[in-house]
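Notes for the one structure printed next.
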Amino acid sequence: MTDQAETNGHEQRLEALVSRYKDIDPDDLVNIVEGIINTAQGDLSSVNLKVYGEIEALSRYIHSARQEIASLRPDEITDEHIPAAGEELEAIVGATEQATNSIMESVEAIEKEAETLPPEVAQRLTDSVTQVYEACGFQDITGQRITKVIHCLTHIEEKVNALLETFGEPGERSARERKANETSGAADAELMNGPQSSEDAISQDDIDALLASFD
Amino acid sequence: MAGVDMDMQILIVDDYKTMLRIIRNLLKQLGFNNVDEATDGAQALQKLRDKPYQLVISDWNMEPMSGLQLLKEVRTDTKLKDLPFVMITAESKSENVVAAKQAGVTNYIVKPFNAATLKNKLQAVLGAF
C-alpha cells in the first residue's frame, strides 16, 4: 500500500469512527494518537517496527537460552566436574609412575644379582630385565596421552567459561593456564602433540626412510 | 668396542624421571656408564655449556625448553654445534621428523622403542661398539 492510499484509509476509518460515536471530537482523537506516537521514541516506521519486533524475539530467545543453560548448571562443569576429572587423571599418572618406579627398583636389584650368577644364566636374566625396561616405557607414553586429555579438558573449561560470560554469568573463574603455550614458540607448540593414534603415527622404519631422504 | 669411547660423557634429557632411568639402564647394559641427566632443555643447555659431553639423547616434549629448541640452541652454539644429538620422542608425525632434521638432528627414535633400536641408532651415530 502506498503512503497516500494508507493516509486515505486512515481518514476513512476516522470518519467512520466519528459517525459511529457522534460525541467524539476528531481533534481529541488525533491528539490521543499523536500523544502515543510522541511517547514512543524514535521513528516508528513499519521497517523499524519490524526490526524492533525481531530484536524483541531475539531477546526472548536469548533469555530462554540463558534459562536453559542455567538449568544445566554450567558452573558445576567448570567448578567441579572438570577439575575433578583432571585430578583423577593426574592421580593416574602419579600412581603409574610410582608403580613403574617400584618395578624398576626391583628389576635393577635382579640385574645386580645377575652379575653374581654364571654367565649363561646372567645373560638370560639380563635379556628379561631389558624387556621389562622397554615395557616400563609405557608410563611415559600413557603420561603424555593423559596430559593431552587434561589439556583437552582445560580447553572445554575455557569454552564453557566463555559461554557463561557471553550469557552474563560470572566469568571470573579463569581456566587453568596451559603453560606450554606461554613458554614455547608457536611453531614448536604446534609440533608438540605427544603420542599419536596408530592411524596418524609413522613407524620407526618410516622415520628412518624419511631421515635418509635428506642425505 | 673398536673406535667408540665407551667412557664418553652422555647427557640424557627427559622430563619423565622414569624414562631417564630406562635410558640410563639401557645405556649401562650397552656399556656406557658415564651418563648424566637433565629434565628439560634449559637445564640441559646449561650442563652442555658447563661440561664437555660427547652425545646428547633428548626427548622433544618438555617445558620450559623443548628438545627441538635445545637442538636449535646446540646447533647455533659454536662450541656445541657438532655434538651428536639423538631425539627420542613420542612425536611420530612426518612433520616432526622433518622439523628435527632441518634443525640438525643426528638421529631420531620414536617411543616406545626397544633396546635393539637404541643400540642400532647409537651405532649409526657413533660407529660399531
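Mind checking which lysines have their Cα closer than 21 Å to the Cα of B:LYS51? Skip sequence neighbours fewer than 8 apart in that chain.
The reachable lysines, counting only those whose Cα sits under 21 Å from B:LYS51, are B:LYS28, B:LYS72, B:LYS79, B:LYS81.
Rounded to the nearest 0.05, what FRET efficiency do B:ASN34 and B:ASP82 give with R0 = 25 Å and r taken as the Cβ-Cβ distance? Could you check? Don't skip to the end; give the middle numbers.
Numbers: r = 19 Å, r/R0 = 0.77.
Efficiency, from the Cβ-Cβ distance: 0.85.
Roughly how much accessible area, to the nearest 100 Å², goes out of reach of solvent when A and B pair up, both sides summed, probe 1.4 Å?
When A and B are taken together, about 3500 Å² of accessible area is lost.
Apply the Karplus parameterisation 6.51 cos²θ - 1.76 cosθ + 1.60, with θ equal to phi minus 60°, to every residue of the range A:79-94 and state each ³J(HN,Hα) to the nearest whole Hz, in sequence, with x for glycine and proline.
Per residue, the Karplus-derived 3J(HN,Hα) values read 7, 10, 5, 5, x, 5, 4, x, 5, 4, 5, 5, 5, 5, 4, x Hz.
Can you find, among B:THR106, A:THR126, B:LEU68, the residue sitting farthest towards the positive end of the charge dipole of the protein assembly as shown, where Lys and Arg contribute +1 and Asp and Glu -1 at Cβ?
About the Cα centre, the residue reaching furthest to the positive side is A:THR126.
Would you please give the residues with an amide H less than 5 Å from that of B:SER58, counting only those at least 5 places away or on a separate chain, with H modeled from the backbone geometry?
Here the answer is B:VAL13, B:VAL86, B:MET87, B:ILE88, since their amide H atoms fall under 5 Å of that of B:SER58.
Could I have the simple spin-label model distance between A:ALA99 and A:ASP205, label points 7 Å from Cα toward Cβ, reported in nm to one decimal?
Each label point is offset 7 Å from its Cα along the Cβ direction, giving 3.2 nm.
Could you order B:TYR108, A:TYR61, A:TYR52 by accessible surface area, starting with the largest, using a probe radius of 1.4 Å?
On the way: B:TYR108 0, A:TYR61 155, A:TYR52 105 Å².
Output order, biggest surface exposure first: A:TYR61, A:TYR52, B:TYR108.
What does the accessible area per residue of the protein assembly as shown come to in Å², with a 1.4 Å probe and no ligands, DNA or RNA counted?
58 Å²
Probe 1.4 Å, all protein chains in place: accessible area of A:CYS136 in Å², nearest 10?
10 Å²
With the Cα gyration tensor of chain B in hand, give its eigenvalues times 5 under a square root as the equivalent ellipsoid semi-axes, listed largest first in whole angstrom.
Working: eigenvalues 77, 56, 44 Å².
Equivalent-ellipsoid dimensions as semi-axes: 20, 17, 15 Å.
Quick one: Karplus J couplings for the range B:118-125, per residue in order, coefficients 6.51, -1.76, 1.60, θ = phi - 60°, nearest Hz, x for Gly and Pro?
Here the 3J(HN,Hα) series is 4, 4, 4, 5, 5, 5, 5, 7 Hz.
Let me check the size of the protein assembly as shown from its C-alpha atoms; what are the radius of gyration and Dmax in Å?
35.3, 127
The values are calculated or read from the model by the stated rules, or taken from the named source; none is laboratory data. Note that the structure is a prediction, hence the values are computed from the model and not measured. When we count neighbours, we look across all protein chains shown, and the Cβ atoms used for this are built from the backbone with ideal geometry, even at glycine. SASA here: full protein model, heavy atoms, side chains in, ligands and nucleic acids out. Shrake-Rupley method; radii C 1.70, N 1.55, O 1.52, S 1.80 Å.
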